[in-house]
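A.B. asks: My questions will all concern the structure given below.
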Amino acid sequence: MPPSPGQVMTVPPSGTLAIWAAGPGNVAQTILTPVGLAPADIAFRTAAAYPVDTAEVEEEARAVYLGRVETSYNKADVRLYVVVAAIGLSLGEVAICTGTPGIGGSQNLTRVGWADASGVFVGAGAATITVTMTGVVAGDHLWLAWYQKSDGQQGSNLATFDPATADHLTSCVAQFKAATRLSTMASPTMFGVLGKTTEPLWAVVGMRNA
């Protein structure tokens, strides 16, 4: 049976793909089992209710907490929805990081894998980005991070996404770091708590071994 809202970080049956819905307030950090089943508030939402996330910031890395894995994985499939496609995008990246969360505080995040997402961010619609990871073991706390940089030319803009709910408690589950490219950032890098009215992107992340 799929989990009920608020059922957090449930360990799936052995051999089952682990899936998280990323973003505070959206039955966040919940592993969905069996695969393919999800509560309606995760799988289906109306565009009218969730039109677009808070504007992305040039060269700012953002991250949301996913949960704690029960075994090792080497692939993460990130499913997201681009509402407004980027124009004149120079760099677009998605990464998976590890870091033990602490309530209300800044987080040290260590990149364990990243993928070039520039080709996805320049097109509107739903898309899946696969991140290859190394060193993820049972018990790791995982984070989804993303980053954009425009070419700086007139008329350029960053992509915007279907949003998760803002973390009004500034609990720590949404983080940011200015002027930080995911693929080249130091490991670990200290992030800070994202503002309580800033909506991060909404994604579903599937963990697997390939």
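A.B. asks: With respect to ALA145, determine if the residue is more than 17 Å from ALA76 (Cβ to Cβ), crowded, with 16+ Cβ neighbours inside 10 Å and of a type in the set (Gly, Ala, Ser).
C.D. replies: On the way: more than 17 Å from ALA76 (Cβ to Cβ): no; crowded, with 16+ Cβ neighbours inside 10 Å: yes; of a type in the set (Gly, Ala, Ser): yes.
So ALA145 fails the test.
A.B. asks: Confirm whether GLU70 is touching a strand residue (DSSP E or B) at 6+ places or on another chain (Cβ under 6 Å) and of a type in the set (D, E, K, R). Explain how you work it out, then say what you get.
C.D. replies: On the way: touching a strand residue (DSSP E or B) at 6+ places or on another chain (Cβ under 6 Å): no; of a type in the set (D, E, K, R): yes.
For GLU70, the condition - touching a strand residue (DSSP E or B) at 6+ places or on another chain (Cβ under 6 Å) and of a type in the set (D, E, K, R) - is not met.
A quick yes/no check of all residues on (1) touching a Ser or Thr at 6+ places or on another chain (Cβ under 6 Å); (2) at negative phi:
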| residue | (1), (2) |
| --- | --- |
| GLY135 | no, no |
| TYR147 | no, yes |
| ASP151 | yes, yes |
| GLN154 | no, yes |
| ASP162 | no, yes |
| PHE176 | no, yes |
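A.B. asks: With a cut-off of at least 1 residues that are β-branched (Val, Ile, Thr) and either at pLDDT below 95 or out of contact with any helix residue (DSSP H, G or I) (no Cβ under 9 Å at 6 or more places or on another chain) (or both), name the strands (runs of 3 or more DSSP E) lying wholly within region 100-210. Show your work before the answer.
C.D. replies: Numbers: elements: 108-116, 125-132, 141-150, 174-177, 203-208.
So the answer is 108-116, 125-132, 203-208.
A.B. asks: Go through ASP151, ASP167 for me and flag whichever is among the acidic types (Asp, Glu), touching a residue at least 60 places away in the same chain (Cβ under 8 Å) and surrounded by 15 or more Cβ atoms within 10 Å (Cβ to Cβ). Explain how you work it out, then say what you get.
C.D. replies: On the way: ASP151 fails: surrounded by 15 or more Cβ atoms within 10 Å (Cβ to Cβ).
Of ASP151, ASP167, the one residue that is among the acidic types (Asp, Glu), touching a residue at least 60 places away in the same chain (Cβ under 8 Å) and surrounded by 15 or more Cβ atoms within 10 Å (Cβ to Cβ) is ASP167.
A.B. asks: Still on this structure, please answer the following. Just to be sure I understand, how many residues within region 145-161 are touching a Lys or Arg at 6+ places or on another chain (Cβ under 9 Å) and either of a type in the set (S, T, N, Q) or farther than 11 Å from GLU58 by Cβ (or both)?
C.D. replies: Adding up the residues that qualify gives 2.
A.B. asks: Here is a follow-up. Which residues, counting only those in region 152-210, are charged (D, E, K, R) and touching a strand residue (DSSP E or B) at 6+ places or on another chain (Cβ under 7 Å)?
C.D. replies: Of the residues in region 152-210, the ones charged (D, E, K, R) are 162, 167, 177, 181, 196, 199, 208.
Matches in region 152-210: ASP162, ASP167, LYS177, ARG181, GLU199, ARG208.
A.B. asks: How many of the residues making up region 70-99 are in a loop (DSSP other than H, G, I, E, B) and within 17 Å of HIS141 (Cα to Cα)? Quick ask: steps written out before the conclusion?
C.D. replies: Just the residues of region 70-99 that are in a loop (DSSP other than H, G, I, E, B), to begin with: 70-74, 85-86, 88, 99.
The next check asks that each one be within 17 Å of HIS141 (Cα to Cα); those that pass are 70-74, 99.
Within region 70-99, residues that are in a loop (DSSP other than H, G, I, E, B) and within 17 Å of HIS141 (Cα to Cα) number 6.
A.B. asks: Could you give every pair whose Cβ atoms fall below 7 Å, whose first residue belongs to region 105-131 and is among the basic types (Lys, Arg), and whose second residue is modelled with pLDDT of 95 or more, counting only separations of at least 6 or pairs across chains?
C.D. replies: ARG111/ALA95; ARG111/CYS97; ARG111/LEU182; ARG111/MET185
A.B. asks: Which of the residues that make up region 100-114 are of a type in the set (A, V, I, L, M, F, W, C) and closer than 20 Å to VAL137 by Cα? Before the answer, list the steps.
C.D. replies: Initial filter on region 100-114 (of a type in the set (A, V, I, L, M, F, W, C)): 103, 109, 112, 114.
LEU109, VAL112, TRP114, listed by residue number.
Rundown of residues vs (1) out of contact with any Cys (no Cβ under 8 Å at 6 or more places or on another chain); (2) crowded, with 21+ Cβ neighbours inside 10 Å; (3) not β-branched (Val, Ile, Thr), yes/no style:
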| site | (1), (2), (3) |
| --- | --- |
| ASP77 | yes, no, yes |
| VAL84 | yes, no, no |
| ILE87 | yes, no, no |
| ALA95 | yes, yes, yes |
| GLY123 | yes, no, yes |
| ILE129 | yes, yes, no |
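The values are calculated or read from the model by the stated rules, or taken from the named source; none is laboratory data. Since the structure is predicted, the reported quantities are computational estimates derived from the model, not experimental observations. Positions of Cβ are generated from backbone atoms using ideal geometry, with glycine treated the same way; all protein chains shown enter the neighbour counts.
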